[in-house]
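Worksheet: one structure, shown below.
The values are calculated or read from the model by the stated rules, or taken from the named source; none is laboratory data. From a predicted model like this one, the values you see are computed outputs, not experimental measurements. Methodologically, a virtual Cβ is constructed for each residue, glycine included, from the backbone with ideal geometry; neighbour enumeration extends over all protein chains shown.
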Amino acid sequence: MNIGAAAQAAGVSAKMIRHYESLGLLAAPARTDAGYRVYGPREVHQLRFIRHSRDLGFSLEQIRALLGLWQDRARPSREVRALAATHLAELEAKLTELQAMQATLEQLVHSCHGDERPDCPILDTLGAVTKR
């Protein structure tokens with residue numbers, strides 16, 4: 001199938017397929033005599049794997065590692081688990097950070113009158129000098 005059909009079958013764009021190829025996540029496909037890319041079920045399966053990994057927020061380097069593990073049928077599952085556990089810990093840290101941001105912003109929005117007065121605790125807080 002051509003790149004458009006492969007993209008549709010995998011649920012990604014043709015641009016993303018070319019991007020994954022440029023990064024080495026997907027091997028360069030066979031080409032027709034006219035130079036068009038040709039994809040088969042194996043490549044579409046791999047593209048779906050990449051898409052699902054991206055949907056779960058794995059980085060491109062993590063996906064590269066996952067692809068290597070996926071293609072190595074002799075791999076120990078503990079390596080896959082360790083990679084996924086590391087990513088889970090990263091997501092949990094990001095979630096904690098987002099929740100703290102949300103709580104602060106909720107407090108600031110609640111403290112602002114939102115009327116015709118010029119004073120605004122949101123701007124005062126954003127403009128405050130803090131030491132790091």
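Residue-wise test of (1) in the same structural domain as Met1 (by TED's automatic domain parsing); (2) in contact (Cβ under 8 Å) with a residue 24 or more places away in the chain; (3) touching a helix residue (DSSP H, G or I) at 6+ places or on another chain (Cβ under 7 Å); (4) of a type in the set (A, V, I, L, M).
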site	(1), (2), (3), (4)
His19	yes, no, no, no
Ser53	yes, no, yes, no
Leu56	yes, yes, no, yes
His110	no, no, no, no
Gly114	no, no, no, no
Inset, instruction - Could you check, for region 80-90, whether at least one of its residues is within 17 Å of the chain's Cα centre (by Cα), of a type in the set (Val, Ile, Thr) and in the same structural domain as Asn2 (by TED's automatic domain parsing)? - result: no
